[in-house]
Amino acid sequence: MAHDATTSDASTTDSATADSITADSTRTESKPMTDTLTLEAADIPSTEVEEPSREASSIEMQGLHKRFGRNTVALDGVDLVIEAGEFFTLLGPSGCGKTTLLRILAGLEEADDGRLAIGGRDVTEVPPHQRSVNTVFQSYALFPHLSVRENLAFGLKMRGMPPEQREARVARIAEFIQLGDLVERRVDQLSGGQRQRIALARALVNEPDVLLLDEPLSALDAGLRSQLQVELLRVQKRLGMTFVFVTHDQDEAMVMSDRIAVLNGGVIQQVGPPREVYEHPANAFVARFMGHDNLYPIEARDGDRLTTPLGVLSAEAAGEGDLLLIRPETLDLLPGEQPGDNRLPATVTERLYRGSHAEYRLEVGETTLQATLNNRGRRLPEVGDRVTVSVAPEDLVTLSE
Amino acid sequence: MSYAGVTPSARSRAMVRESRHLLFTVAPGAIWIVIFLVLPSAYLMGVAFMTNGPYGLPEMPLSLGSFERLAGFGFLGWSPGNLYTLLRSLWQTLVSTGLVVLVAYPIAYYISTCRERWRPIMLLLVVVPSWTNQVIRTFGWMNLLAPGTPLSSLAEGLGLIAPNMGLYPSNFAVTLGLVYNFLPFMVLPLYAAFEKLDTAQVEAAQDLYASPVRAFWHAVFPQTLPGLLAGVVLVAIPAFGMYVIPELLGGGKGMMLGNLVANQFSGGANWPLGAAGAILMLIATFIGLYAMRRIGKRLGGGEEVVI
């Protein structure tokens, strides 16, 4: 049954070029994955109890610098502590240095300056093959001339584990990722989702102190991707391993991470739990990268009363910054003109209906404001309607450019 | 070709037209191959089984005499001369191909690491010497290695050769000539393999606890294997049948199978024996190719890497 599903999805995904076919492959891919989820409880004793649980490792970075060539600065002084057992995400646009940082953790790149310690041991100068760190590469980087089994066994073999023990571990991890019946296949006979899981298993089977993941889900289509996000998160929680995850997708980062570091231009902009980074971005870059558009300069302030192009608004605890952030989902739209404190008269200029919610573009005087409202079934404002925007003082956040 | 006999009513006109079109496209090449490859080979086969006539030309009746002589059975009983020639050919091929691999591998790697705009120039430098006639280049080596030249004097000074002997003529000179001559044929396919090397695989190997040496062996070497085996085929087959280099640089001491065959068609004047030698070379080549395929398949994990 499971075998049929996996073989058929190998063929469908290989031929998947058009969007319609991709959607179909998602459906067939999902089969073994749901099996994994239901089998999870049964898996725990076989994968966990036999191995003595190991201490997860923390990572400490101090003043890491890296430049490529004469002009490209990849990392410009990174200080960061990643706690043991944390799911930590490096988030940023392409070229921000997140992948370089990950490669330095793996030992594939050497920092020009600074120190790196993993599990309390200084590994700044330690070559990659002597670090208890494994990577899931963006391109998977599986060995095409080896079978799935040989790919999975590679790390254990290099570390000199005796064959019987090695085979047992490989068989167990192959079972764990629901690819037990594919171990004799060659890698090029597998679908994208299967390769992704093999890449993950090839790293996990070594039980490293730290697992590094370089945008491992970026090559997959949306449905499969969100399923693997959940799966990855569960694996991490179960193994208690330190995961360092690189992505440019802020939604993915928020779903998965215990903490997020947002990078730009080789500098860490903010480190914190997803909620903090999203709701209290440290600066305009982080705010924009997390998807916020409602940023307004503060022209004057009188205590907690802030004058902005939208009008005068009172914030509960206005900070120091010179920018006001209004998250679209904190806004409420009232029909007609209903003046009051923290209420702004506006005109609806655009409405994007998204089913569960609707996004509005509003004009407040000359200024544009975005609002997102849950669709609870009440009347939705139409384009051209006069409305009143209402916002609670505790939802207003100030930040600096 | 038999479509002409089928009535057009039996199949659609389009198919007939297509087959005729195909026939006209393939015919020139096919005729060429028949005239210049199939017929001569058939003739050679035939000659090998004929009797040697008084002027070295083949005559009837058919016999296996040439093969007996090739195996060393002559008027004076068995002599190992031809066997030595065969073994020398195999040995020279093996050694020179091995040396070509050792020299070409780092060169190809180095070129692939150069800046992109330098690479064509570097490749050109590798290839340019082979634009000169092989005979002329071999004469060049004669001048370089002859007794009294700086290289020979140096070898003499180091006690590697007897005084006044010179590096040429010798088996060493033949090996050197072969390596020099076939280097580009190995560098080019290897370079092609190195150029499309997937470095992520190398990094994955290092990440999975492979030391630099083992990462090379498990992640770099398999990727260059198709290029390497293609190069070995390109080098070993012509080297095995080489005539010019052993003739000029071996000075009669380094005779290879190619020289044995050539002699039978000229001075030796024994066409059937020459033809038998040519067939032996052909068989040896096929055995070698078969072995390469097997090796390639095993190392390449079941993939067809050779031919």
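Of note:
- Here A:241, B:45, B:186 are placed in order of increasing Cβ neighbour count within 10 Å, fewest first, which gives B:45, A:241, B:186.
- Per residue, the convex hull volume that the Cα atoms of the stretch A:167-325 enclose (Å³): 145 Å³
- Projecting the Cα atoms of B:38, B:78, B:236 onto the dipole axis of chain B, where Lys and Arg carry +1 and Asp and Glu carry -1 at the beta carbon, places B:38 farthest toward the positive end.
- Computed magnitude of the charge dipole of the protein assembly as shown (debye, nearest 20; Cβ of K, R +1, Cβ of D, E -1): 3980 debye
- Cα shape, chain B, gyration tensor, a/c 1.5 rule: oblate
- Taking packing as the residue-averaged number of other Cβ atoms within 10 angstrom, the listed peptides A:300-313, A:252-265 run from highest to lowest as A:252-265, A:300-313.
- As a proxy for reagent exposure, A:367, A:398, B:97 were ordered by neighbouring Cβ count within 10 angstrom, fewest first; the result is A:367, A:398, B:97.
- Paired Rg and Dmax values of the stretch A:92-146, which use every Cα atom, in angstrom: 12.8, 38
- Degrees, to the nearest 10: A:222-239 long Cα axis against longest axis of chain A: 70 degrees
- Note on A:143-156: average number of Cβ atoms from other chains within 10 Å of each residue's Cβ is 4.
- Amide hydrogen proximity for residue A:242: with H placed 1.01 Å from N in the peptide plane, the residues at 5 or more positions away or on another chain lying under 5 Å are A:57, A:85, A:211.
- Given charges at beta-carbon only (K, R positive; D, E negative), |dipole| of chain B in Debye: 560 debye
- Taken along its principal axes, the alpha carbon cloud of the protein assembly as shown reaches lengths of 125, 84, 56 Å, longest axis first.
- Distance from the stretch B:239-273 to the stretch A:367-401 (C-alpha centre basis), Å: 94 Å
- Residue exposure sequence - A:96, B:114 - by fewest surrounding Cβ within 10 Å: B:114, A:96
- Alpha-carbon centroids, the stretch B:11-30 and the stretch A:129-159: separation in whole Å: 52 Å
- Under the convention that each Lys and Arg Cβ holds +1 and each Asp and Glu Cβ holds -1, the size of the dipole of the stretch B:176-280 around its Cα centre is about 320 debye.
- Globularity index of the stretch B:34-183, i.e. its alpha-carbon radius of gyration over 2.2 N^0.38 Å: 1.49
- Gyration tensor verdict on the stretch A:251-401 (Cα atoms; rounded if a/c is under 1.5, prolate if a/b is larger than b/c, oblate otherwise): oblate
- Too-long pairs where the Cα-Cα distance tops 29 Å, listed order kept, from A:66/B:196; A:98/B:297; A:98/A:237; A:157/A:237: A:98/B:297
- Calculated FRET value between residue B:162 and residue B:139, using beta carbons and R₀ = 25 Å, to 0.05: 0.55
- C-alpha center-to-center spacing [the stretch B:39-81, the stretch A:193-234] in angstrom: 69 Å
- Counted as membrane-span-like here are DSSP H helices of chain B whose alpha-carbon atoms extend 20 Å or more along the helix's own axis and whose Kyte-Doolittle mean is -1.0 or above; these are B:13-33, B:81-113, B:171-195, B:221-240, B:271-299.
- For chain A, the spherically averaged projection of the C-alpha convex hull amounts to 23.8 nm².
Only the coordinates and a few stated rules stand behind these numbers; no lab work does. The structure presented is a predicted model; accordingly, all values stated were derived computationally and were not measured. Because the Cβ atoms are built from the backbone with ideal geometry, glycine has one as well, and the counts that use them run over all protein chains shown.
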